[in-house]
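Notes follow the structure.
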Amino acid sequence: MSQYLQEVSEKVRKNNPGEPEFYQAVEEVLHSLAPLFNKEPKYQKHKIVERLVEPERQIIFRVAWIDDKGEVQVNRGFRVQYNSAIGPYKGGIRFHPSVYSGIIKFLGFEQILKNSLSGLAIGGAKGGANFDPKGKSDNEIMRFCQAFMTELYRHLGPTIDVPAGDIGVGAREIGYMYGQYKRLTHAHEGVLTGKGLLWGGSLARKEATGYGSVYFADEMLKSRNQGLEGKICTVSGSGNVAIYTIEKLYQLGATPVTVSDSSGMIYHKSGIKLDVLKQVKEKEQARISRYAELCPDAVFTPVSAYPKGRNAVWSVPCQAAFPSATQNELNLEDATELLKNGCICVSEGANMPSTADAVNAFLAAKISYAPAKCSNAGGVSTSLLEMSQNAVMMQWSFDEVDAKLKGIMSGIFDGASRTAKEFGEPHNLVLGGNIAGFRKVADAMIDLGVY
């Protein structure tokens with residue numbers, strides 16, 4: 001990293017104390033940008049990096065709501081509107097106890113470049129609250145979502161900021177928030193994505209992030225005259241991303257053999273049974289150990305049996321791995337184990353699931369490695385397709401949306417791969433993706449002047 005970029009990095013740490021996830025996201029990008037800044041000094045002249053690492057707007061607010069016992073509960077809500085140079089703010093809302101400003105800023109910063117790479121006209125944002133939906137009744141979740149939207153609605157609009165779902169925010173939560181938005185604004189407009197099909201949603205939206213991750217993996221392997229057909233694959237997580245990663249892997253002829261949640265992981269050598277997984281997680285909303293009860297030949301390993309800091313999913317031999325749970329779930333030891341066992345492809349379905357050391361190990365091994373801002377872009381891309389359908393008051397078929405998604409993921413791979421080759425590192429899609437995404441936003445910021 002150049003002295004200039006190092007100084008920017010140090011300033012980020014000074015101005016944002018106690019936010020390690022945010023530092024990690026920013027420093028990865030700054031490392032990648034060094035060759036671009038050597039080639040094109042205009043970005044330093046216009047102070048683009050200094051402007052990019054500062055959100056255009058940060059909103060922090062109190063969310064007071066009443067539980068089923070009639071007691072007042074208080075949470076903290078966030079919306080970071082990071083960058084709108086190429087379009088309205090776009091990024092999900094996360095409800096989870098771990099949410100704090102650093103998590104939201106890291107996700108929002110990643111979203112800028114991810115959205116740019118998609119080729120679509122959307123800026124970057126993220127939001128959420130330190131609210132845990134687990135164990136709450138539908139009425140409690142409804143009251144929380146209504147209280148959350150009562151503050152947030154004034155900052156939203158179909159050409160201003162269009163949130164979507166994320167961890168802890170699915171169709172139910174989007175419905176409650178959209179209902180409150182309609183109540184407050186008297187407007188039925190495309191201001192949230194991930195909506196129900198009866199009131200403006202898009203087919204293939206819940207499948208999109210998982211499908212996109214698999215499409216991207218297939219593009220990487222095809223560029224090396226291979227493919228996913230016949231490959232043994234490991235998948236972490238068991239939410240939407242993991243479930244629909246598994247669904248698309250089967251469609252492309254691969255065999256996914258693992259899933260996980262915070263309680264442990266399942267290894268099913270013959271292949272994860274998708275219908276059973278959907279029953280456990282979508283219908284019963286049970287822990288993943290329930291899968292082993294329904295499939296006696298599957299093996300459940302509780303999290304307490306893992307070596308400290310490790311994820312047992314990544315010890316299962318595979319040719320392709322799909323981290324699809326949460327940030328920093330795959331560390332250097334996990335990466336080393338994957339490589340030792342013959343893994344040749346890693347496609348990230350979650351946001352920044354690999355630690356910096358793990359990423360460096362994958363890059364050094366020159367395997368097909370897809371950083372999240374490339375391979376995780378399917379969800380937000382389909383969200384924009386939902387916005388397009390809302391704008392013309394139409395609904396496209398599942399196959400139409402899926403075909404557009406596949407084309408977008410192919411375009412992201414082409415852009416990142418072409419840029420990586422331009423800078424002399426053809427196997428480094430971290431560098432290629434970061435520079436390609438940055439250039440588009442940076443050039444727009446220069447065109448728009450200082451704002």
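Couple of notes before you dig in:
- Subset of segment 76-95 [of a type outside the set (A, V, I, L, M, F, W, C), in contact with a Lys or Arg (Cβ under 9 Å, 6 or more places away or on another chain) and under 13 Å from Gly127 (Cβ atoms)]: Arg76, Gly77, Arg79, Gln81, Tyr82, Tyr89, Gly91, Gly92, Arg94
- Against the test of being out of contact with any strand residue (DSSP E or B) (no Cβ under 6 Å at 6 or more places or on another chain) and closer than 17 Å to Lys114 by Cβ, the options Lys373, Lys366 yield a single qualifying residue, Lys373.
- From the options Gly237, Gly210, residue that is among the small types (Gly, Ala, Ser) and over 21 Å from Ala335 (Cβ atoms): Gly210
- Hey, Asp218 under 30 Å from Val316 (Cβ atoms), buried (at least 18 other Cβ atoms within 10 Å of the Cβ) and without any contact (Cβ under 8 Å) to a residue 40 or more places away in the chain or not: yes
- Some residue of segment 40-49 being within 30 Å of Val191 (Cα to Cα), of a type outside the set (D, E, K, R) and surrounded by 14 or more Cβ atoms within 10 Å (Cβ to Cβ): yes
- The residues listed here are Ser238, Ser260; of these, the one that is in contact (Cβ under 8 Å) with a residue 12 or more places away in the chain and either acidic (Asp, Glu) or out of contact with any Leu (no Cβ under 7 Å at 6 or more places or on another chain) (or both) is Ser260.
- Cross-chain or 6+ apart pairs with Cβ under 6 Å, segment 366-381 first and among the β-branched types (Val, Ile, Thr), then surrounded by fewer than 24 Cβ atoms within 10 Å (Cβ to Cβ): Ile367/Ile344
- All told, Lys11 meets the bar of being over 22 Å from Val430 (Cβ atoms), in contact (Cβ under 8 Å) with a residue 12 or more places away in the chain, in a helix (DSSP H, G or I) and charged (D, E, K, R).
- Subset tally (residues that are within 16 Å of Pro302 (Cα to Cα), of a type in the set (A, V, I, L, M) and in contact with a strand residue (DSSP E or B) (Cβ under 6 Å, 6 or more places away or on another chain)) for segment 248-292: 5
- The set of residues from segment 249-262 being buried (at least 22 other Cβ atoms within 10 Å of the Cβ) and outside any strand (DSSP E or B) comprises Leu249, Ala254, Val257.
- Condition check for Ser238: under 17 Å from the mean Cα position of the chain (by Cα), of a type in the set (Ser, Thr, Tyr), under 21 Å from Gly411 (Cβ atoms) and at pLDDT 95 or above: no
- Meets criteria (under 17 Å from the mean Cα position of the chain (by Cα) and hydroxyl-bearing (Ser, Thr, Tyr)) for Ser9: no
- Whenever a residue of segment 392-413 is free of Cβ contacts under 8 Å to residues at least 60 places away in the same chain, its partners that are surrounded by 17 or more Cβ atoms within 10 Å (Cβ to Cβ) and not in a loop (DSSP other than H, G, I, E, B), lying with C-beta atoms within less than 7 angstrom and at least six residues away or across chains, give the pairs Lys404/Leu385.
- Criterion applied to Arg205, Arg172 was being crowded, with 20+ Cβ neighbours inside 10 Å, of a type in the set (Lys, Arg) and within 22 Å of the chain's Cα centre (by Cα), and the one residue passing it is Arg205.
- Cβ-Cβ contacts under 7 Å between residues 6 or more apart (or on different chains), taken from a first residue in segment 56-72 that is within 30 Å of Asn83 (Cα to Cα) and among the polar types (S, T, N, Q) to a second residue that is surrounded by 15 or more Cβ atoms within 10 Å (Cβ to Cβ) and at pLDDT 95 or above, are listed as Gln58/Val80.
- Candidate set from segment 175-202 (those that are within 15 Å of Leu384 (Cα to Cα) and either among the hydroxyl-bearing types (Ser, Thr, Tyr) or without any contact (Cβ under 8 Å) to a residue 12 or more places away in the chain (or both)); member that is surrounded by the fewest Cβ atoms within 10 Å (Cβ to Cβ): Ser202
- The number of residues in segment 14-38 that are exposed (fewer than 15 other Cβ atoms within 10 Å of the Cβ) and either touching a residue at least 60 places away in the same chain (Cβ under 8 Å) or more than 16 Å from Ala442 (Cβ to Cβ) (or both) comes to 5.
- So Thr245, is it in a helix (DSSP H, G or I), touching a residue at least 12 places away in the same chain (Cβ under 8 Å) and either farther than 17 Å from Glu173 by Cα or touching a strand residue (DSSP E or B) at 6+ places or on another chain (Cβ under 8 Å) (or both): yes
The values are calculated or read from the model by the stated rules, or taken from the named source; none is laboratory data. Note that the structure is predicted; figures quoted are calculated from it, not measured. Ideal geometry is used to build each Cβ from the backbone, glycine not excepted, and the neighbour counts take in all protein chains shown.
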